[in-house]
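The values are calculated or read from the model by the stated rules, or taken from the named source; none is laboratory data. Computed from a predicted model, the values in this text were never measured in an experiment. Ideal geometry is used to build each Cβ from the backbone, glycine not excepted, and the neighbour counts take in all protein chains shown. Side chains are part of the model used for accessible areas, which takes the heavy atoms of the whole protein and leaves out ligands, DNA and RNA. Shrake-Rupley method; radii C 1.70, N 1.55, O 1.52, S 1.80 Å.
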Amino acid sequence: MNPSLMTTLRWGINDTIVMVGRNLLRYVRLPENIVNVTVQPIMFLLLFTYVLGGAIRTTTPDYITFVLPGILVQTLIFGGFGTALGLAQDVQSGLFDRYRSLPMARPAVIVGRLIADLLANIFVAVLMISIGLLIGFRFGGSALESIGSPLIGILFALPVAAIFAAVGLTVRTVEAVNVIGFTLIFPI
């Protein structure tokens, strides 16, 4: 392989890793991000299980087995909406202009954000399934199916986050991202 191409790839990977770290630090430094990633999905899970659990008749023996996969997918899609909001906020605050002035790989900003959000989605999926197991959720298939079904949800969330990233980069304000994002999410 061409040595200059290898150097460029290494440079881009290093820049992407730095951007992943920056975006993961945002989860720790902003308390509202921690609430969105941890408390809100657990509240939805407990609300739909204990408050609305007897209101809907299902074909499964217990309601948690029915509701957890749906809430997990909903939460992962809302994670993509967070990608759009974060990128729009970076564009609006002028951070993207500062990145353009630095000698860094251009896709590192977006790819770093998507990877950080993918890692957050993995954390959310593990957290929700753990809470679900504590309140009675049980997988119905084999071990491979039990691991594969959340992975399919996480992999589904990645292109959704990429679509929302495009929205976040093309819309001028965070408020407009809110309007467009909820318009896209509502039918889902």
Review point. In the stretch 37-80, how many are in contact with a Gly (Cβ under 7 Å, 6 or more places away or on another chain) and at pLDDT 85 or above?
Key: 5
Check your understanding: What number goes with the only condition from (1) open to solvent by 60 Å² or more (accessible area, probe 1.4 Å); (2) of a type in the set (V, I, T); (3) over 17 Å from the mean Cα position of the chain (by Cα) that V35 does not pass?
Key -> (3)
Check your understanding: Going through the stretch 10-36 one residue at a time, which ones are in contact (Cβ under 8 Å) with a residue 12 or more places away in the chain and over 29 Å from M104 (Cα atoms)?
Key -> N36
Review point. What is the number of the single condition among (1) more than 18 Å from the chain's Cα centre (by Cα); (2) closer than 25 Å to Y50 by Cα that V126 does not meet?
Key: (1)
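Residues checked against (1) open to solvent by less than 80 Å² (accessible area, probe 1.4 Å); (2) at pLDDT below 85:
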{"residue": "I135", "(1), (2)": "yes, no"}
{"residue": "G141", "(1), (2)": "yes, yes"}
{"residue": "L155", "(1), (2)": "no, no"}
{"residue": "L158", "(1), (2)": "yes, no"}
{"residue": "G168", "(1), (2)": "yes, no"}
{"residue": "V171", "(1), (2)": "yes, no"}
{"residue": "E175", "(1), (2)": "no, no"}
{"residue": "V179", "(1), (2)": "no, no"}
{"residue": "T183", "(1), (2)": "no, no"}
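Residues that are under 15 Å from the mean Cα position of the chain (by Cα), over 21 Å from E175 (Cα atoms) and either buried (at least 16 other Cβ atoms within 10 Å of the Cβ) or not aliphatic (A, V, I, L, M) (or both): does the stretch 94-111 have at least one?
To start, the set of residues in the stretch 94-111 that are under 15 Å from the mean Cα position of the chain (by Cα) comprises 110-111.
Narrowing further to those that are over 21 Å from E175 (Cα atoms): 111.
Cutting the leftovers down to either buried (at least 16 other Cβ atoms within 10 Å of the Cβ) or not aliphatic (A, V, I, L, M) (or both) gives us 111.
For the stretch 94-111, residues under 15 Å from the mean Cα position of the chain (by Cα), over 21 Å from E175 (Cα atoms) and either buried (at least 16 other Cβ atoms within 10 Å of the Cβ) or not aliphatic (A, V, I, L, M) (or both): present.
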